[in-house]
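Some notes on the structure that comes next.
No lab work stands behind these numbers, since they all come straight from the coordinates. Predicted, not measured: the structure shown is a model, and the values here were computed from it. Here the Cβ positions follow ideal geometry from the backbone for every residue, glycine too, while neighbour counts run over all protein chains shown.
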Amino acid sequence: MTLIKSISGIRGTIGGSVGDSLSPLDIVRFTVSYAIFIRKQGDISNSIIIGRDARDSGKMVSNIVSGTLMGCGFDVLDVGLSTTPTIEVAVQLENAAGGIIITASHNPKNWNALKLLNGKGEFLSERDGEEILLLAEENDFIFPETELIGRYSYDDSFNNKHIDEVLKLDLVNVSLVKSSGFRVVVDAVNSTGGFMIPRLLERMGVECIRLYCEPNGDFPHDPEPLPENLTVTANLVVEEKADFGIAVDPDVDRLAFICEDGTMFGEEYTLVAVSDYVLSKTPGNTVSNLSSTRALRDITLKHKGTYEASSVGEVNVVEKMKATNAIIGGEGNGGIIYPELHYGRDALVGVALFLTQLAEKEISVRELRDSYPDYFMSKNKIELDHEMNVDVVLSILEHNYNGEQISTIDGLKIDFETGWVHLRKSNTEPVIRIYAESEGKVEANALAEKMINEIKALF
């Protein structure tokens, strides 16, 4: 059993003892600490928005969260089965005090989590997240009396409102996409993308071939939209002679494409392609995290913009985007952040912009992918055990490679002339992530393997 308490939220497995899983008592404690934090923000709305993905545990967690918030004096607006970006947009549209998204994102179905939003519909800053963790350690909570208990309401119209907002964006050309006659396979891993992505496509005149689109929480494969998990999807794209395939994770903030020939577009290149389109229309700056491909830097420079790298984590990317006035950014895991709508990873925005780009260029998805720099990224991880001190590991490696370009703002990134490697402790799993990128698959895998062996040799 696992319970991970971090600034980005509370994530854990369902079932087990208190403090060692996402138990009902842990859900109450962290929901109360969030409510106290929101109340301390001052004269704000009394409404908090909640929503969930399709996991089996979602309804149970949602009921506990909503009841706890009401017991803390907040009105709860429950948008029901929805997506992470939809709930972020809903907080903005309703001028709510905050939001709680009940989803464990790419984790297996026996996990769930509370993702916490501020009144802007954005993930909390590191400082705010730390304050909530400290509040959760207190035991002197005081709750309001009967007449001050909050009210509950349910409204699932925000799913369509989110799509409305996407389709109103200046760079989304619905009529052009409709005239292109696209046919697309959608793999939504039986979560809420199973109705959200098809709705978006239908409104853009795209024929949708559904695969795993029943929002029943029964994930048919590992929910991360990685190549090894999408073989059935890729085969269906070829069998159906579709223009391309779309894969999203359970809460629909990560987006991956599959080319018409069944090859992977590459989740790293989701952000690259969409940024290329946006920069071609509105030149400006971009941001991605340290673990993302160099190709975004290359594309940004081509469009005369400035590229910056942030620490891993959506909140860190958003902070860097605001600081550099970036017009688009995100993460190499298929996360698109387009501030024209909101500061959050949004697969629906990514799909709409990608379709418009494809319709405008009148080329295949494989041709579009071939037009970009061809880097390969090797993504690996090492399970942590009690003997492994991550800080010591990174310090030793930093010393060993002090002749290279080094960044220590988030773990350790070592830039070599023909590639880079980034090592960091995960915020969501008990692992060290080891990402390596180079100009070829063999070179990237060799670089990653070299680092893995060096780490293992230390223990």
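Remarks
- Available extension along the chain between LEU458 and ASP156 is 103.5 nm, counting 0.36 nm per residue and deducting the alpha carbon span.
- Fraction in percent of alpha-carbon pairs per bin - 10 Å, segment 211-311: 15, 38, 30, 16, 1
- Modelled label positions at ALA323 and VAL232, each set 7 Å beyond Cα in the direction of Cβ, lie 4.4 nm from each other.
- Selected from ALA273, PRO283, VAL252, residue furthest toward positive end of dipole (segment 223-295; charges at beta carbon): PRO283
- Two-decimal log10 I(q)/I(0) for segment 376-456, as the Debye equation yields it once each C-alpha is a single scatterer, q = 0.20 Å⁻¹: -0.86
- Where labels lie 7 Å past Cα in the beta-carbon direction, separation of GLU404 and ASN139 in nm: 4.9 nm
- Fraction of C-alpha pairs exceeding 27 angstrom in segment 3-156: 13 percent, rounded to a whole number.
- Geometric extent, Cα atoms of segment 162-370 - Rg, Dmax (angstrom): 15.7, 46
- For SER288, SER33, order by how many other beta-carbon atoms lie within 10 Å, fewest first: SER33, SER288
- A simple count of charges around GLU131, restricted to other residues whose Cβ falls under 12 Å of its Cβ and scoring Lys, Arg +1 and Asp, Glu -1, yields -3.
- Distance (nanometres) between label positions extended 7 Å along Cα→Cβ at LEU167 and GLU126: 4.1 nm
- Applying 0.36 nm per residue to the separation of GLU239 and LEU301 and subtracting their alpha-carbon distance, the gain on full extension is 18.5 nm.
- Under Karplus coefficients 6.51, -1.76 and 1.60, residue-wise ³J(HN,Hα) of segment 285-298 in Hz, glycine/proline x: 9, 9, 9, 9, 8, 4, 8, 9, 4, 5, 4, 5, 4, 4
- Here the residues TYR435, TYR401, TYR375, ranked from fewest to most Cβ neighbours within 10 Å of their Cβ, fall in the order TYR401, TYR375, TYR435.
- Prolate/oblate/rounded call for segment 43-121, Cα gyration tensor, a/c under 1.5 rounded: oblate
- Cα-centre dipole for the chain with unit charges at Cβ (Lys and Arg positive, Asp and Glu negative), debye to 20: 480 debye
- Cα-Cα separations in the chain greater than 44 Å, expressed as whole percent: 10 percent
- Links that overshoot a 19 Å alpha carbon limit, given the list LYS115/LYS161; LYS379/LYS425; LYS178/LYS361; LYS168/LYS281; LYS168/LYS322; LYS302/LYS413: LYS115/LYS161; LYS168/LYS322; LYS302/LYS413
- Sites matching GluC sites (Glu not before Pro) across segment 132-196 that sit in DSSP coil, with at most 16 neighbouring C-beta atoms within 10 Å: GLU137, GLU138, GLU145
- The chain, helix-only ellipticity at 222 nm - DSSP H runs n ≥ 4, -39,500 (n - 2.57), divided by all residues, nearest 500: -11000 deg cm²/dmol
- Among ILE132, ILE396, ILE101, ILE455, sorting on how many other beta-carbon atoms sit within 10 Å of each Cβ, with the fewest leading, yields ILE396, ILE455, ILE132, ILE101.
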